[in-house]
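A.B. asks: Let me give you the structure first, and then I'll get to my questions.
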Amino acid sequence: MELWAWVEDKEEALRKQGEQRLANLVADFPGVALSLRYQEFDALVPEALALARAHRDPWLEVYFRHWELQSRVFGRMHGERALRDAVSLVDFSHGKETSSCPQSVCTVQD
């Protein structure tokens with residue numbers, strides 16, 4: 001599966017299910033994560049994770065956690081401070097429910 005295809009498919013499916021806020025977060029998260037608007041992004045993270053978990057979608061959790069680490073590690077240079085979260089995400093993303101998620105590859109990068 002192409003890396004972004006599942007994200008686009010997920011966003012479309014969420015919109016069809018009436019999950020507009022979650023779909024918007026899926027669409028907007030990477031851009032905000034890589035922006036310099038860190039306070040705005042940090043405020044979105046708990047909401048995104050809560051919605052992904054409420055939706056019982058571990059792939060979305062991997063997706064949101066990956067972009068949160070991208071912001072911290074590559075944007076703000078939190079490398080060592082983020083190490084525990086990075087290891088936790090690699091473990092989570094390679095579990096039974098998430099091992100085939102294309103974003104799992106990105107967690108190794110983090």
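A.B. asks: Label points 7 Å out from Cα along the Cβ direction at Met77 and Ala43: separation in nm?
C.D. replies: 2.7
A.B. asks: Give me the accessible area of Ser71, 1.4 Å probe, in Å² rounded to the nearest 10.
C.D. replies: 0
A.B. asks: Sticking with this structure for a sec: Let me know the charge dipole size of the range 1-81 about its Cα centre in debye, to the nearest 20, where only the beta-carbon of Lys, Arg (+1) and Asp, Glu (-1) is charged.
C.D. replies: Here the range 1-81 has a charge dipole of around 220 debye.
A.B. asks: Express the accessible area of the chain per residue in Å², computed with a 1.4 Å probe while the remaining protein chains stay in the model.
C.D. replies: Roughly 57 Å² per residue, with all protein chains present.
A.B. asks: Considering the values (i) 13.2, 40; (ii) 13.3, 44; (iii) 14.8, 46, which represents Rg and Dmax of the Cα atoms in Å as calculated for the structure under consideration?
C.D. replies: Given (i) 13.2, 40; (ii) 13.3, 44; (iii) 14.8, 46, the calculated one carries the label (i).
A.B. asks: Taking the Cβ-Cβ separation of Lys96 and Trp4 as r and a Förster radius of 30 Å, what is the calculated FRET efficiency to the nearest 0.05?
C.D. replies: The calculated FRET efficiency here is 0.80.
A.B. asks: What relative contact order, as a whole-number percentage, does the chain give when Cα pairs under 8 Å and 6 or more residues apart are counted?
C.D. replies: 25
A.B. asks: Which of Val87, Val32, Val45 ends up with the largest GNM mean-square fluctuation for the chain, with Cα atoms connected below 10 Å?
C.D. replies: Top of the fluctuation ranking is Val87.
A.B. asks: I'd like the trypsin sites (Lys or Arg not before Pro) in the range 1-106 restricted to DSSP loop residues with at most 16 other Cβ atoms within 10 Å, sorted by number.
C.D. replies: Loop-located and lightly packed - Arg37, Arg56, Arg76, Lys96.
A.B. asks: Based on DSSP loop calls and a cut-off of at most 14 other Cβ atoms within 10 Å, the longest stretch of the chain free of exposed GluC sites (Glu not before Pro) is what?
C.D. replies: 3-96
The values are calculated or read from the model by the stated rules, or taken from the named source; none is laboratory data. Since this is a predicted model, take the numbers as computed values, not measurements. When we count neighbours, we look across all protein chains shown, and the Cβ atoms used for this are built from the backbone with ideal geometry, even at glycine. Accessible surface areas use protein heavy atoms only, side chains included; no ligands, DNA or RNA. Shrake-Rupley method; radii C 1.70, N 1.55, O 1.52, S 1.80 Å.
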